[in-house]
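Novice: Structure below; questions to follow.
The values are calculated or read from the model by the stated rules, or taken from the named source; none is laboratory data. These numbers come from a predicted model, not from an experiment. Ideal geometry is used to build each Cβ from the backbone, glycine not excepted, and the neighbour counts take in all protein chains shown.
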Amino acid sequence: MASGALLGAGLIPGGAIGDEQQALIRRAYAVAVVSQIYHENVLCALLLRNAIRASGGVSPYVQPVQVGSYIDSEWIGPGGQFKIPDDRAGTVNAAFNMCALASPIVSFGLEQLVTMDAIAVTSRLMLKLNDLKNSQMKALTTALFSDNETATHPALTMFGLPNAYGDDGTYGALDRDVYEDWKGLHISSAVAERIPFIKVILETARHAGGEAPDFIVTSIETWTALMQSFMSVERYNNSPDSRWGKDDPANSGFRGLLLGDTPIFYDLNCPPTTAFVFNSRYITLCIHEDANFSFSGWYSTIPNGQIASVAVGLTALNLVCSKPKTGAIVTGITGNASFSS
C-alpha cells in the first residue's frame, strides 16, 4: 500500500491542520526509484560476458565430441608384428536448440495522455523499461541453477548447471548411459572448510583426466563458512619496531577466496548446501545473433480493440558445455554458516 504523508510527527502537525497542509503543499520526491526485489547475478553475468553467438538452423549449435578412441597402441616383439585395428567411429554430435525468453512490455495509451507534459515523480514507462533487464537476468539466473530437463516433451527453458554437469539422463541429445565420458561428477557430501574442500577440487581434476577446475561457485552460507575457516588461522606479526598508524588499519578476511589456486565466489542464487565446480574453457552461453537481448519496438494494439502499445524483449540462448566431465556438482555440504534471516 502506498504511504501517505506522515502527519503529527516531527515538524508536521496532525489533525485538520495537517490534512490541509497535505492537500495544499507539494511533497518532495527522490529523483530515483530504488529496486528492493532483485539479487546480483554474478555467474550469469560472467557467462554472458564470454558468450558465443549462433545463427539460424535446426539445432543451430552442434558440438562434435569424441566419445571413443580411434587408435589402440600395443607393445610389440622383435619381429615387428602388430594387429591391424578395425576402423571405428569415435565422434558424435551434441546438439543444442536455442530457448526463447520473452519479456513483454505494455504502454497504455490513455495513461500516456494523463502523464504527458505533467510534472511527474517518475515515468511508469521508464520503470517498466528499466525492469526489462532485471526481469530477464532473474529468469536467466533461475534457469541457470535449475534442472530443466524433461523426458515428456522438448523443454522450453534453457539447460541449467544441473543438466550440464549431471551424471544421468541426456544432455545435448546424448544419452549419458550410452556415453560414459559425457557425465559430470556428482560429489554427494563435503564439509565447508578449507582442508576438506581441497579434496573437492582434486576429485574434480581426477575425474576430468587431470584438467583442474578454474573456479567454484557456492551459496553464501558455504562461502561464509570457508571464509571463517581461513580466518581461524590468521595471525598478526608484531615486532618491537612495529608501528600502527591511521593509514595502517588492522584488517581481517578478504573479498575473494583462493583455495588451491582456484578462486571461489558466492552467488546468492546458488542453492544452499550446493556448489558447482567449473572449467571455464568448456562451458559458455550460446546466444542467437538475431535475438541477443533484442527489442522489438512498439506496436499498436488498436486492431485488438485497445488503445495501447506493446513491445517485447527477446533473447534466444542455451547453456553449452562441451566437456561435462571437467565440472562437478557438490551437494549435501555441511558446516555451512547460518544467518538470522
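Novice: Within the stretch 3-43, how many residues turn out to be in contact with an Asp or Glu (Cβ under 8 Å, 6 or more places away or on another chain) and assigned to a helix (DSSP H, G or I)?
Specialist: 2
Novice: Further, regarding this structure: So which of Val33, Val114 ends up being of a type outside the set (Gly, Ala, Ser), touching a Ser or Thr at 6+ places or on another chain (Cβ under 6 Å) and farther than 30 Å from His288 by Cα?
Specialist: Of the residues listed, the single one that is of a type outside the set (Gly, Ala, Ser), touching a Ser or Thr at 6+ places or on another chain (Cβ under 6 Å) and farther than 30 Å from His288 by Cα is Val33.
Novice: Consider Gly56 carefully, then state whether it is more than 24 Å from Met126 (Cα to Cα) and either without any contact (Cβ under 8 Å) to a residue 40 or more places away in the chain or in contact with a helix residue (DSSP H, G or I) (Cβ under 6 Å, 6 or more places away or on another chain) (or both). Please lay out each step first, then the result.
Specialist: Values: more than 24 Å from Met126 (Cα to Cα): yes; either without any contact (Cβ under 8 Å) to a residue 40 or more places away in the chain or in contact with a helix residue (DSSP H, G or I) (Cβ under 6 Å, 6 or more places away or on another chain) (or both): no.
Spelling it out, it is not the case that Gly56 is more than 24 Å from Met126 (Cα to Cα) and either without any contact (Cβ under 8 Å) to a residue 40 or more places away in the chain or in contact with a helix residue (DSSP H, G or I) (Cβ under 6 Å, 6 or more places away or on another chain) (or both).
Novice: (1) modelled with pLDDT under 90; (2) surrounded by 19 or more Cβ atoms within 10 Å (Cβ to Cβ): which one isn't true of Gly245, the others all being true?
Specialist: Every listed condition holds for Gly245 apart from (2).
Novice: Only residues that are farther than 30 Å from Pro213 by Cβ and assigned to a strand (DSSP E or B): list them for the stretch 279-319, please.
Specialist: Of everything in the stretch 279-319, those that are farther than 30 Å from Pro213 by Cβ and assigned to a strand (DSSP E or B) turn out to be Ser294, Phe295, Tyr299, Ser300, Ala308, Ser309, Val310, Ala311, Val312, Gly313, Leu314.
Novice: Same structure, new question: Would you point out which residue out of Thr301, Thr326, Thr315 is among the hydroxyl-bearing types (Ser, Thr, Tyr) and under 17 Å from Glu203 (Cβ atoms)? It would help to see each step written out before you state the result.
Specialist: Details: Thr301 fails: under 17 Å from Glu203 (Cβ atoms); Thr315 fails: under 17 Å from Glu203 (Cβ atoms).
On inspection, the qualifying residue turns out to be Thr326.
Novice: Could you check how many residues of the stretch 175-184 are part of a helix (DSSP H, G or I) and either without any contact (Cβ under 8 Å) to a residue 12 or more places away in the chain or surrounded by 17 or more Cβ atoms within 10 Å (Cβ to Cβ) (or both)?
Specialist: Total meeting the criteria: 2.
Residues are listed down the side, and each one gets a yes or a no for (1) part of a helix (DSSP H, G or I); (2) hydroxyl-bearing (Ser, Thr, Tyr); (3) without any contact (Cβ under 8 Å) to a residue 24 or more places away in the chain; (4) over 29 Å from Glu40 (Cβ atoms):
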| position | (1), (2), (3), (4) |
| --- | --- |
| Phe159 | no, no, no, no |
| Pro162 | yes, no, no, no |
| Asp168 | no, no, yes, yes |
| His186 | no, no, no, no |
| Phe197 | yes, no, no, no |
| Val200 | yes, no, no, no |
| Pro213 | no, no, no, no |
| Val217 | no, no, no, no |
| Met227 | yes, no, no, no |
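Novice: Can you confirm whether the stretch 123-144 contains a residue that is assigned to a loop (DSSP other than H, G, I, E, B) and touching a helix residue (DSSP H, G or I) at 6+ places or on another chain (Cβ under 6 Å)?
Specialist: No, there is no match, as no residue in the stretch 123-144 is assigned to a loop (DSSP other than H, G, I, E, B) and touching a helix residue (DSSP H, G or I) at 6+ places or on another chain (Cβ under 6 Å).
Novice: Then there's this: Name the residues in the stretch 319-341 that are among the hydrophobic types (A, V, I, L, M, F, W, C) and over 18 Å from the mean Cα position of the chain (by Cα), would you?
Specialist: Taking the stretch 319-341 as the starting set, the residues that turn out to be among the hydrophobic types (A, V, I, L, M, F, W, C) are 319-321, 328-330, 333, 337, 339.
Within the stretch 319-341, Ile333, Ala337, Phe339 qualify.
Novice: Working carefully through the options Ile287, Ile307, Ile302, find the one that is in contact with a Leu (Cβ under 7 Å, 6 or more places away or on another chain), of a type outside the set (Gly, Ala, Ser) and loosely packed, with under 14 Cβ neighbours inside 10 Å.
Specialist: Ile307
Novice: If you don't mind, another one. Residue under question is Pro64, and the condition is that it be in a loop (DSSP other than H, G, I, E, B) and either surrounded by 11 or more Cβ atoms within 10 Å (Cβ to Cβ) or not small (Gly, Ala, Ser) (or both); does it hold?
Specialist: Working: in a loop (DSSP other than H, G, I, E, B): no; either surrounded by 11 or more Cβ atoms within 10 Å (Cβ to Cβ) or not small (Gly, Ala, Ser) (or both): yes.
Here the answer is no, as Pro64 does not meet what is asked.
Novice: Which members of the stretch 103-128 meet the condition of being within 27 Å of the chain's Cα centre (by Cα) and modelled with pLDDT under 85?
Specialist: Met126, Leu127
Novice: Another one. Report, by residue number, each residue of the stretch 82-98 that is polar (S, T, N, Q) and either modelled with pLDDT under 85 or not in a strand (DSSP E or B) (or both).
Specialist: Residues of the stretch 82-98 that are polar (S, T, N, Q), as a first pass: 91, 93, 97.
If the condition is that a residue be polar (S, T, N, Q) and either modelled with pLDDT under 85 or not in a strand (DSSP E or B) (or both), then Asn97 is the only one that fits.
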